[in-house]
Amino acid sequence: MKPSPRAGAGERFESAFKRALQQVEAGVTTHVQPFKHFHRVCLPDYPYNLCYRLVGDRAVITALLYSRFDPKRIQKTLGQRI
């Protein structure tokens with residue numbers, strides 16, 4: 001029996017998420033800041049953004065959002081998480 005083409009999809013997503021976290025750890029001030037107070041890191045190969053804000057010298061992960069949402073919807077969601 002052939003494995004499903006989606007076999008391992010969860011592991012690949014987890015790996016992409018971990019790479020995004022490593023990017024945040026490596027340089028929290030170098031990422032795009034599309035919305036007031038929030039920075040964004042794109043997950044490689046996935047239509048998701050890891051959003052975080054800086055609190056002192058720490059990055060606080062705020063959301064993992066679908067990148068194709070309407071920007072107003074994203075801004076509203078992030079605004080509720082300040």
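Go ahead and estimate [θ] at 222 nm for the chain from helices alone: -39,500 (n - 2.57) per DSSP H run with n ≥ 4, summed, over the residue count, rounded to 500. Don't skip to the end; give the middle numbers.
Numbers: 2 runs with 27 residues, N = 82.
Mean residue ellipticity at 222 nm (helix-derived): -10500 deg cm²/dmol.
Can you tell me the 0 to 90 degree angle between the C-alpha axis of helix 9-26 and the longest principal axis of the chain, rounded to 10?
30 degrees
In the chain, how does Rg compare with the Kirkwood Rh, expressed as the Rg/Rh ratio over alpha carbon atoms?
Rounded to two decimals, Rg/Rh equals 1.05.
What's the exposure ranking of Ile82, Ile74, going from fewest to most Cβ atoms within 10 Å?
Values: Ile82 9, Ile74 21.
Going from least to most buried by this count: Ile82, Ile74.
No lab work stands behind these numbers, since they all come straight from the coordinates. Values in this document were obtained by computation on a predicted structure and should not be read as measured data. Glycine gets a Cβ as well: all are built from the backbone with ideal geometry, and neighbour counts include every protein chain shown.
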